[in-house]
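Structure first, commentary second.
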């Protein structure tokens, strides 16, 4: 891992999609299509399924208007997220790091990470349930298998953002078609469906489920994600281009989120037509819903249901990974490899799922799914409120600050979402207290104080921008300011190290090193013996491989010496990155030249990334030759 001094959000795909110039509006619009679809999958993940099924089975079509209201809120907030990324060239996490002090950003980061883990937990459970329903795979196997999708995100990221967008859109298409067929199989009363769009007074269980629908729909990590994904388009930062980008991204967001609304509404309508209308009013578990579909409609409807669930879990978990990477780099200015980031997030999600299955039984996974949505809801205010503040700042938004009526709608939406989710959290804690028995002391000692501290943090985030003075920290550009370089001086290196591995690359590596120092410098050729014996015996090993490598080094030394250069050789043993770094740091070397063999994706995981590791372990300039 490395601290990034100045980095673009999702740097590996930043500004990687060109916007055609002097082309029709349709062609330019097509170039902008993509980011909102990656965001939209978060609005149809397994966490949404649970609330939609519960609402449809218990109240029929009555709560469709809640889904519509949630979708409109999401559309408003996602358009603000895209505005922030396009105009300021910052994702939401980067903007928070630049605005708030570190003692505020650290807890904001922790809460965001908890939300990512909670979201990923829902994807793990959803994928595992889908595999069980479709293939009869035990849940514990399904949960374990989900760790392998690390390879999918690794492959897609190396293929570029457009490939990832195509994959996600295909998953959304599978989900949409599956539910479209299921809805027609269920034959709902569309006249009654239309009545469900009429707002009604909510109370009791209806209010509880409505809160769950809103909390599961407006997901915080999607706001971080969207503000970064819009930056994958190469936009000219002048008024006309920015205005066009905002317009096209709004259209893209509107289409994508309406598709997500269609999927969520289809789940609720399916539950209402299949369960509520047949007298099943308490269906909240995904597996129960699948079994009832099978008994009511035969095998096709539940099979499509399971396929959609798997596609939902897979697509949501990929976008969750990207959001996790954005949050870590944005808040901490820290970058780790995407596959490692993915693996860490997935393992954090798998552990509680496995513990629940092994300790409490598979039938408790439904409750864990609901709990993940409660945890997720805690983060909402900490993403929504800063976003509104940032997009309202006329100084920083350069003429693109949101209009007063948009600001009012945003604050009303934020107030409604936060108040409903606070109510949900309070009710959940109250429920825990009722069933805790003798363990209730732990709730008072840990859970309630954490909730109070979280509330205080939320109050700070809401009111601090209104009362604090503007600081120099607010005057920034996304990736730092240019500094004075001064008059350049010739740098003469006295001792240059060159890594060799007796491949064709050595010719290029050694030549580049000799050019850097000329005949006045001293050169050290470094080769690492990586055999199993070398791992354990180190310099005491004397096997054939070590002797052969020493002979090859002597040949290099003799040839380079004949050309008039001062050169010696050094053999290291075991881990290449560790050994190279140790030799460089111990031998007073002031410049290092290494050859890069271009390992990518899976090869990088298997063979390691020696060059990348070494450059963070040594304190001298490193020249990488390809």
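Please give the number of the condition residue 237 fails out of (1) touching a residue at least 40 places away in the same chain (Cβ under 8 Å); (2) out of contact with any helix residue (DSSP H, G or I) (no Cβ under 8 Å at 6 or more places or on another chain); (3) in a helix (DSSP H, G or I); (4) farther than 22 Å from residue 53 by Cβ.
(3)
Could you please let me know if residue 437 is assigned to a helix (DSSP H, G or I) and surrounded by fewer than 20 Cβ atoms within 10 Å (Cβ to Cβ)?
Working: assigned to a helix (DSSP H, G or I): yes; surrounded by fewer than 20 Cβ atoms within 10 Å (Cβ to Cβ): yes.
Yes, satisfied.
Select from the range 395-413 the residues that are closer than 13 Å to residue 80 by Cα and in contact (Cβ under 8 Å) with a residue 60 or more places away in the chain and list them in ascending order.
Those that are closer than 13 Å to residue 80 by Cα and in contact (Cβ under 8 Å) with a residue 60 or more places away in the chain: 397, 400, 402, 406, 409, 410, 413.
Within the range 74-81, does at least one residue satisfy the condition of being surrounded by fewer than 23 Cβ atoms within 10 Å (Cβ to Cβ) and part of a loop (DSSP other than H, G, I, E, B)?
no
Mind checking which pairs have a first residue in the range 189-213 that is closer than 17 Å to residue 261 by Cβ and a second that is modelled with pLDDT under 75 and not in a helix (DSSP H, G or I), Cβ under 6 Å, 6 or more apart or different chains?
What qualifies is 210/202.
Please work out if residue 424 is modelled with pLDDT of 85 or more and part of a helix (DSSP H, G or I). Don't jump to the end; show me each part of the working.
Values: modelled with pLDDT of 85 or more: no; part of a helix (DSSP H, G or I): yes.
So residue 424 does not fit the description; no.
Exactly one condition in (1) surrounded by fewer than 24 Cβ atoms within 10 Å (Cβ to Cβ); (2) at pLDDT below 80; (3) touching a helix residue (DSSP H, G or I) at 6+ places or on another chain (Cβ under 6 Å) is false for residue 28; which is it?
Residue 28 satisfies all of (1) surrounded by fewer than 24 Cβ atoms within 10 Å (Cβ to Cβ); (2) at pLDDT below 80; (3) touching a helix residue (DSSP H, G or I) at 6+ places or on another chain (Cβ under 6 Å) except (3).
For the range 388-399, give me the residue count where each residue is under 16 Å from residue 92 (Cβ atoms) and modelled with pLDDT under 90. Lay out the reasoning, then the answer.
Within the range 388-399, the first condition is being under 16 Å from residue 92 (Cβ atoms), and the residues that meet it are 388-393, 396-397.
Among the residues that remain, those that are also modelled with pLDDT under 90 are: 393, 396-397.
Matching residues across the range 388-399 total 3.
The values are calculated or read from the model by the stated rules, or taken from the named source; none is laboratory data. Note that the coordinates shown come from a computational prediction; the quantities given were computed from them, not determined experimentally. Note that we place each Cβ from the backbone using ideal geometry, even for glycine, and neighbour counts take in every protein chain shown.
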